[in-house]
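Down below is the structure, laid out as structure tokens.
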Amino acid sequence: MAPAEAARRRPVIAGNWKMNGLSASGQEILLLRDRLGQAPAPPCEVVVCPPATLLHAFSELTAETPIALGGQDCHAEPKGAHTGDISAPMLADAGARWVIVGHSERRADHGETSAQVAAKAQAGQAAGLNVIICVGETEAQRIAGETLDVIGSQLTDSIPHDPGETGGLVIAYEPVWAIGTGRVPGPEDIVEVHEFIRTHLDRRFGDKGADIRILYGGSVKPGNASEILRLTAVDGALVGGASLKADDFFAIITACP
Ligand code: PGA
């Protein structure tokens, strides 16, 4: 990757709250807002993806702040008879500017296929949202030496054929075995996969692909964030557990080079 290319990509630090948070969690958003307000402008885009039930309330708390909100999933259709699902236009209407699709927990818990993930990504883009598409290998796949094959086919099938506005498209590499476990791949393993993803994007989308940011996710904490974020192949982080506490999340944001 040429240094000029890296300079073009603004890092993203995104927090994925998963199925955590009640209205009282607005306190953490207020705290994060205060921390950010007292510090120099963050060197990255800051995104918080709370449960959809909190988006509207949080959008009021984050107005005119550097904190953007996102959904954790969306349906591929904009509306219709899909009980319990939430569409991308609904997320946007509730104040989201981002959406995560294809998280490994959705792929595992709901059997989501990469083709479905691509349809959701497209729906997110059609609603004007920035889209984070997650990919990652299981521990068994890593041990079997299949990591790059798995990531390659997830990328091929999960990224829409027409990637649209690539500046709003983000890939999160999240090894399944590193999520919520406190285990993190070594820097050389992270770089290997990120460079593999970058090559895939270059081959597939040419110059446009250079705008797509590649985040690392899986047990990112204040204690390991700077080691991960200073890798030039890494354009930011998708943070689960450590995004729930404003102080931890703020420490990760400020670890961004
Ligand atoms: P974790 O989760 O930071 O708690 O490991 C990351 C994620 O699932 O996005």
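Which residues among region 234-255 fall inside the zone where the amide N is under 20 Å from a point 7 Å beyond the Cα of residue 226, along Cα→Cβ?
What the label zone holds, given the 20 Å backbone N cut-off, is 234-239, 242-243, 246-255.
Taking 0.36 nm per intervening residue step and subtracting the Cα-Cα distance, what contour gain separates residue 31 from residue 203 on full extension?
Values: separation 172, 0.36 × 172 = 61.92 nm, distance 4.25 nm.
Taking 0.36 nm per residue and subtracting the Cα distance, the gain is 57.7 nm.
Charges only on Cβ, +1 for Lys and Arg, -1 for Asp and Glu: so what's the dipole of the chain about the Cα centre, in debye to the nearest 20?
Value, rounded to 20: 360 debye.
Rounded, prolate or oblate: which one fits the chain, using the alpha carbon gyration tensor with axes a ≥ b ≥ c (rounded when a/c is under 1.5, else prolate when a/b beats b/c, else oblate)?
Details: a/c = 1.41, a/b = 1.12, b/c = 1.26.
Cα axes put the chain in the rounded bin.
Please enumerate, by chain and number, the lysines with C-alpha under 26 Å from the C-alpha of residue 245, excluding those fewer than 8 residues away in the same chain.
Correct list for residue 245: 18, 221.
If we sort 166-172, 35-41 on the protection proxy, mean other Cβ atoms within 10 Å, highest first, what's the order? Each step should come with its number before you reach the end.
Numbers: 166-172: 22.1, 35-41: 11.6.
Ranking the peptides 166-172, 35-41 by packing returns 166-172, 35-41.
With each label point set 7 Å from Cα along the Cα-Cβ vector, what nm distance links residue 189 and residue 109?
2.5
Checking the a/c ratio against 1.5 first, then a/b against b/c, what shape does the Cα gyration tensor give for region 6-97?
It is oblate, given that a/c is not under 1.5 and a/b is not larger than b/c.
Cβ neighbours within 10 Å, averaged per peptide: list 42-55, 124-137, 186-199 in order, most packed at the top. Display every interim value, and only then the final one.
Values: 42-55: 21.1, 124-137: 23.8, 186-199: 16.4.
Packing order, densest peptide first, comes out as 124-137, 42-55, 186-199.
Please report how far the C-alpha centroid of region 69-102 lies from that of region 120-150, rounded to the nearest whole angstrom.
Here the answer is 18 Å between Cα centres.
Counting only heavy atoms of protein chains, what accessible area per residue, in Å², does region 151-250 have with a probe of 1.4 Å?
I get 38 Å² per residue for region 151-250.
Roughly how many Å² is the accessible area per residue of region 1-129, as a whole number, for a 1.4 Å probe?
49
Divide by every residue of the chain the summed helix terms, -39500 (n - 2.57) for each DSSP H run of at least 4, and state the resulting mean residue ellipticity at 222 nm, rounded to the nearest 500 deg cm²/dmol.
Counting only the DSSP helices, I get -12000 deg cm²/dmol.
If I compute solvent accessible area with a 1.4 Å probe over the protein chains, what percent of it on region 105-257 is carbon and sulfur?
Accessible surface attributable to carbon and sulfur in region 105-257 totals 50 percent.
Take the alpha carbon gyration tensor of region 94-236, find the square roots of its eigenvalues, order them as a ≥ b ≥ c, and report rounded if a/c is under 1.5; if not, report prolate when a/b exceeds b/c, else oblate.
Rounded.
Which order do the peptides 92-105, 206-219 come out in when sorted by mean C-beta neighbours inside 10 angstrom, highest first?
92-105, 206-219
The values are calculated or read from the model by the stated rules, or taken from the named source; none is laboratory data. Predicted, not measured: the structure shown is a model, and the values here were computed from it. Cβ atoms come from the backbone with ideal geometry, glycine included; neighbour counts cover every protein chain shown. Side chains are part of the model used for accessible areas, which takes the heavy atoms of the whole protein and leaves out ligands, DNA and RNA. Shrake-Rupley method; radii C 1.70, N 1.55, O 1.52, S 1.80 Å.
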